[in-house]
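Report on the following structure.
Nothing in this text is a laboratory measurement; each read-out follows from the coordinates by a stated rule. Here the structure is a predicted model, which is why all the values come from computation and not from measurement. Glycine gets a Cβ as well: all are built from the backbone with ideal geometry, and neighbour counts include every protein chain shown.
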């Protein structure tokens, strides 16, 4: 077992905090972007215009059947090439894994948020939309003012649960050498040869944070269930 | 896109690139298969424990599920691969007798098995709790013991009800095998990356992996749908109970 | 046969049963009625230990139900119970519903159990439905299967927990007919029901419960002739005049 030296954590704390900052940032941005893009995808999937519905369904099903890790690497290698062809630059721009991850997670999570929002929209009685149309509101007004607020509220606990999954999934970017929380821990672990201490610490931090968050989500679910 | 690359020989390896991917796929499927068996058995036990009337069993089951659900999978891989052998001498003694590939394979199975079992436990619990409370009473009323009531009354219906969420858990498991790349298991994603790095044909390599993963997902989906049809109960609308 | 002595039950601080005592003799048919929430379902479930109670004692055929060390499965196997919502096992065929406990609890062979099952299905008029699944039957048919399932265990007594209240009106009589036959054959029965016609026809005694108490426990003639308590009078007038 060797001698454990948990002081290494104290010394590395600023660096780890920096990693955690990136993890939280990426989580928040991907959540916000994913919900917006996912909601649009959900509306597309529910559209009566068949080609649009099919395209959205195809996108969602593709994203949901391949590993996140593969998607992360896809975008890491493809994003520069895509940007080059879009901007007509001479060489692929160097955007780096840290930034490409934002695009990856927004686009990937959108597929999951799409399914959540779709279920949320379908949970709203048809009469609600009909009532909106009867008042003379147009499609976007009905969605924006009547259906989506209710769908969002009903799905809030599920969205939060998915956010916790997202928070954990962000750790996969460490495999692209990005210094997220796990990435920071891996680097310290290797530099100081303190693998056991660092990984245990990371596990405990994640557990405490995610446990607190998921308990909060459960309480919220109970509150909403009572109100309804 | 140029398909020739798949038939080129791997530098200082035996076989062409398509064979490398195929061997990766083999590891992916093997890990998924064994982890699924482990997860299904453990998940069923823990899920049942959480529906009993024994308070300590419910607590222990809840703790189990929370433990595996609130730590990122990649961190769990590191814990099983680096920390567990270091902390438990008996595991270390066994691990050093294994060749690295074996060690990676066992780690991947155990890690994904526990990780997935927590999710299956959650499904089994909610499946049993979605059954009418009277079903349990009806089992007891005709003289079945608690074990018999689970075996003949509650579980057969609960499993039928949770086939759709189990299907997504199976697909999640298959996708999660890619994280075994982090401990160096030469599964499909590992081979894909390797091919990209050694040939600089990232696009072809990733496209091939994408197609393969989509096909596995489709196949898993079909198999579960077939099972669902096979065990469907006449006169019952799916999910209506 | 069934002795209920001074039982009380609380859910937390809420008292659902208050000092209830009664008995059912061999061959006797006792109907339990009362407004919803009066505790009658809870009371009948105490008889086979599906509900626990904190005070008092229930003795069935000499066995104390609540006592530690009582083999509840063995006791329950000898008392048949019919539920409001039938509670047939939806994944088993009608015949399998009838044979499951015979084989697993009583240790009968599949052949014996099937023969017994077929005879009972015949008796409740559903011989042709044996291979079907519960979901393919009407509510009345399902409840008759449920009665046959309980009878298949050769019970010494039968408990009925509102057996007709989940049924469409046109199906109530087919179930009541089976129950009347059973009563006439001398089966010991404790029946929670609002079907006063059934009570008049076959009951020996009627229990009236309200707010967790047994308010009235009288021979049928007395109960319908001149109920003593005001609450029972009000209940009867509501139920008979709607």
Over all directions, what mean area does the Cα convex hull of the protein assembly as shown project, stated in square nanometres? 41.2 nm²
Nearest-ten-degree value, helix A:68-87 long axis tilted from longest Cα axis of chain A: 70 degrees
Helix-only CD estimate at 222 nm, as mean residue ellipticity for chain C, using -39500 (n - 2.57) per DSSP H run (n ≥ 4): -11000 deg cm²/dmol
At 1.002 mPa s and 20 °C, Stokes D of region C:1-82 from Kirkwood alpha-carbon radius, µm² per second: 163 µm²/s
Fewest to most neighbouring Cβ within 10 Å: what's the order for B:81, B:150? B:150, B:81
Just checking the output field for C:81-92: average partner chain Cβ neighbours within 10 Å of each residue's Cβ? 6
Note: residue C:111 to residue C:54 extended length (0.36 nm per residue) minus current alpha-carbon separation gives 16.3 nm
Counting DSSP beta bridges in the protein assembly as shown, what percent are antiparallel, to the nearest 5? 55 percent
Computed on Cα atoms, the radius of gyration and Dmax of chain C in angstrom are 17.9, 55
What are the semi-axes of the equivalent ellipsoid for region B:128-171, taken as the square roots of 5 times the Cα gyration tensor eigenvalues, largest first, in whole Å? 24, 10, 6
Binning every alpha carbon pair distance of region C:49-164 at 5 Å from zero, what are the percents per bin? 2, 12, 21, 22, 18, 12, 8, 4, 1, 0
Per residue convex hull volume, Cα atoms of region C:100-197, in Å³: 107 Å³
Round to a whole angstrom and tell me the spacing of the C-alpha centers of region C:49-84 and region B:157-218. 54 Å
Using a 10 Å cut-off on Cβ atoms, rank the peptides C:162-172, C:193-203 from the highest mean neighbour count down. C:193-203, C:162-172
Any idea how far apart residue A:94 and residue B:91 come out in nm if each label point goes 7 Å out from Cα toward Cβ? 4.1 nm
In what sequence do B:3, A:207 fall when counting other Cβ within 10 Å, fewest first? B:3, A:207
If neighbour count is taken as other Cβ atoms inside 10 Å, put B:94, B:36 in order from fewest to most. B:94, B:36
Helix axis angle, B:202-230 relative to chain B longest principal axis, alpha carbon, degrees: 20 degrees
Contact order relative to length for region A:7-227, counting C-alpha pairs under 8 Å separated by 6 or more residues, stands in percent at 29 percent
Equivalent-ellipsoid semi-axes (√(5λ), Cα gyration tensor) for region A:136-228, whole Å, largest first? 40, 18, 5
Using only the alpha-carbon atoms of region A:7-227, report the extent along each of the three principal axes, biggest first, to the nearest angstrom. 68, 54, 26
Asserting the computed 222 nm helical MRE of chain B (DSSP H runs at least 4 long, -39500 (n - 2.57) per run, divided by residue count, to nearest 500) equals -22500 deg cm²/dmol
Relative contact order of chain B, defined on C-alpha pairs under 8 angstrom at six or more residues apart (%): 27 percent
For a test of the definition: using alpha carbon positions, the gyration tensor, and the 1.5 limit on a/c, classify chain B as rounded, prolate or oblate. oblate
